[in-house]
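A.B. asks: Quick one: this structure, given as structure tokens, is what I'll be asking you about.
The values are calculated or read from the model by the stated rules, or taken from the named source; none is laboratory data. Model, not experiment: these values are computed from the prediction. Neighbour counts are summed over all protein chains in view; Cβ atoms, including those assigned to glycine, are modelled from backbone coordinates with ideal geometry. Calculation scope for accessible area: heavy atoms of the full protein, side chains included, ligands and nucleic acids excluded. Shrake-Rupley method; radii C 1.70, N 1.55, O 1.52, S 1.80 Å.
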Amino acid sequence: METPLTQHIVAGRKPLSLKEYEQAGGYQSVRKALKQMTPAEVTELVKASNLKGRGGAGFSTGMKWSFVPMDVSGPKYLIANADEMEPGTFKDRLLLEGNPHQLIEGMIVAAYAIQADTSYVFLRWAYKLAAHEITKAIQEAYDAGYLGKNILGSDFHLEMHLHTGVGRYICGEETALINALEGKRANPRAKPPFPQVSGLYGRPTIVNNVETLCCLPHIVNNGADWFKGISKSEDSGTKLYGVSGKVKRPGTWELPMGVTVRELLEEYAGGMKDGVKFRGLLPGGASTDFLVEEHLDVKMDYPSVTKAGSRMGTGTMIVLDDKTCPVGFVLNLQHFFAQESCGFCTPCREGLPWVEKILLALERGEGKPEDMNILDFHTQFLGPGNTFCALAPGAMEPLQSALKYFRADFERHITEHKCPWR
């Protein structure tokens, strides 16, 4: 049980069928929750476990559930956010393709806790294999009585549906996801009201990340203290960490929360490829600040990475090497973010393309000294509190930290009138 989330996932092997999953202990948490626990007890257990959301925010899952009003009649909704479009992130894909019944089991537990009667898996459009496996697993769960009316002879009902998005990064923001699910333009909503009170179709709604939901069966089966005990830090549980870039063994590993950056980079990813040296990395996907060599011994948990000046985000590193231009690296990310802006607010809609334009000019050797001031200005102007959601502030994190740690590389593009890496 050192790797509860991935213990039944084997590369090259199809995911467990329902029968195989049950033989391995699957759906026992559903039986325990529905027959031995009240919804409030499930919520309190998850709160006590200190499970934090694995989608990037790191907010207490049990606390989030506790905001759902339990004394109102009418429908409630649970949504699994499987719209994994953060560049450099591929952890949820492993769970979706490798063990879809684990996600379904976690969703049933979560839906019972908040007394939701309808649930959705909001899936990234490009995850075709995941869509096939989830569709198959949902049908198996219906056939076995884990979904539908009177689950396991109880008075709890839950319908589950797969919804495939059309491919917008903004749908990773929960209220934009909800708008998309309603058939509207995927713009974020103003908060308050929060989705826990008024979400999908104006009803109480919880949106949780795939990895978060997959933790739930193990917490219900083994308890809060067990979940805390398999961690190396104050943040509980294990985490799916990933590394991409010019390393010897890029990939994803389930490890105790709190392993260090150095352990991930050197022991699991095998260190840098021959002929290149480490310069920095984004620790949690594209929308996080760079960490550099002085941060290699930082623990990969939420408070430690924040203290180091970045965010753990999704826990999936993108590594920058000394043979890759940091300006081109950041330009590639800004091009993505500029394309993915929903266009709702002016700073994001106009600012991100302007940043991309300046970085492109630097790469072409057309940059001017005053461009550095303009880039610095945008990191503030598009920062937290100035835009409607977190897309533009997230886009500024790799830029602002690149300007901090690799400023000389930006200036060389201006003084040499070319990209030095070409």
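A.B. asks: Can residue 186 be described as in contact with a helix residue (DSSP H, G or I) (Cβ under 6 Å, 6 or more places away or on another chain), assigned to a loop (DSSP other than H, G, I, E, B) and either hydrophobic (A, V, I, L, M, F, W, C) or free of Cβ contacts under 8 Å to residues at least 12 places away in the same chain (or both)?
C.D. replies: yes
A.B. asks: Out of the residues in the range 66-90 meeting the condition of being within 27 Å of residue 289 (Cβ to Cβ) and acidic (Asp, Glu), tell me which one is surrounded by the most Cβ atoms within 10 Å (Cβ to Cβ).
C.D. replies: Per the criteria, the residue is 83.
A.B. asks: Output the residues belonging to the range 86-131 that are in a loop (DSSP other than H, G, I, E, B), more than 19 Å from residue 29 (Cα to Cα) and not hydroxyl-bearing (Ser, Thr, Tyr).
C.D. replies: Scanning the range 86-131 gives 86, 87, 88, 90, 124, 125, 126.
A.B. asks: Also, I was wondering about something else. Can you tell me which residues in the range 91-114 are open to solvent by 10 Å² or more (accessible area, probe 1.4 Å) and either touching a Ser or Thr at 6+ places or on another chain (Cβ under 6 Å) or aromatic (Phe, Trp, Tyr) (or both)?
C.D. replies: Within the range 91-114, 94, 112 qualify.
A.B. asks: Which one of 170, 178 is in contact with a Cys (Cβ under 6 Å, 6 or more places away or on another chain) and either within 21 Å of residue 58 (Cβ to Cβ) or open to solvent by less than 10 Å² (accessible area, probe 1.4 Å) (or both)?
C.D. replies: Every option except 170 fails the conditions.
A.B. asks: Right, residue 310: assigned to a loop (DSSP other than H, G, I, E, B), under 20 Å from residue 57 (Cβ atoms), modelled with pLDDT of 95 or more and of a type in the set (Ser, Thr, Tyr) or not?
C.D. replies: yes
A.B. asks: Could you please find all residues in the range 390-422 being in contact with a Lys or Arg (Cβ under 9 Å, 6 or more places away or on another chain), surrounded by fewer than 21 Cβ atoms within 10 Å (Cβ to Cβ) and more than 22 Å from residue 364 (Cβ to Cβ)?
C.D. replies: 405 - this is the single residue of the range 390-422 that is in contact with a Lys or Arg (Cβ under 9 Å, 6 or more places away or on another chain), surrounded by fewer than 21 Cβ atoms within 10 Å (Cβ to Cβ) and more than 22 Å from residue 364 (Cβ to Cβ).
A.B. asks: Still on this structure, I have one more. Condition first: of a type in the set (D, E, K, R), crowded, with 20+ Cβ neighbours inside 10 Å and either in contact with a Cys (Cβ under 6 Å, 6 or more places away or on another chain) or more than 26 Å from residue 334 (Cα to Cα) (or both). Can you find one or more residues in the range 146-167 that meet it?
C.D. replies: Scanning the range 146-167 turns up no residue that is of a type in the set (D, E, K, R), crowded, with 20+ Cβ neighbours inside 10 Å and either in contact with a Cys (Cβ under 6 Å, 6 or more places away or on another chain) or more than 26 Å from residue 334 (Cα to Cα) (or both).
A.B. asks: Just wondering, is there one or more residues in the range 254-271 that are part of a loop (DSSP other than H, G, I, E, B), touching a residue at least 60 places away in the same chain (Cβ under 8 Å), within 20 Å of residue 91 (Cα to Cα) and open to solvent by less than 20 Å² (accessible area, probe 1.4 Å)?
C.D. replies: no
A.B. asks: Here is a follow-up. Can you list residue pairs whose Cβ atoms sit under 6 Å apart, with the first residue in the range 16-44 being more than 18 Å from residue 63 (Cα to Cα) and the second being open to solvent by 20 Å² or more (accessible area, probe 1.4 Å) and of a type in the set (D, E, K, R)? Count only pairs 6 or more apart in sequence or on different chains.
C.D. replies: 18/140
A.B. asks: Which condition breaks for residue 4 when tested against (1) at pLDDT 95 or above; (2) over 18 Å from residue 220 (Cα atoms); (3) assigned to a loop (DSSP other than H, G, I, E, B)?
C.D. replies: So the condition that residue 4 fails would be (2).
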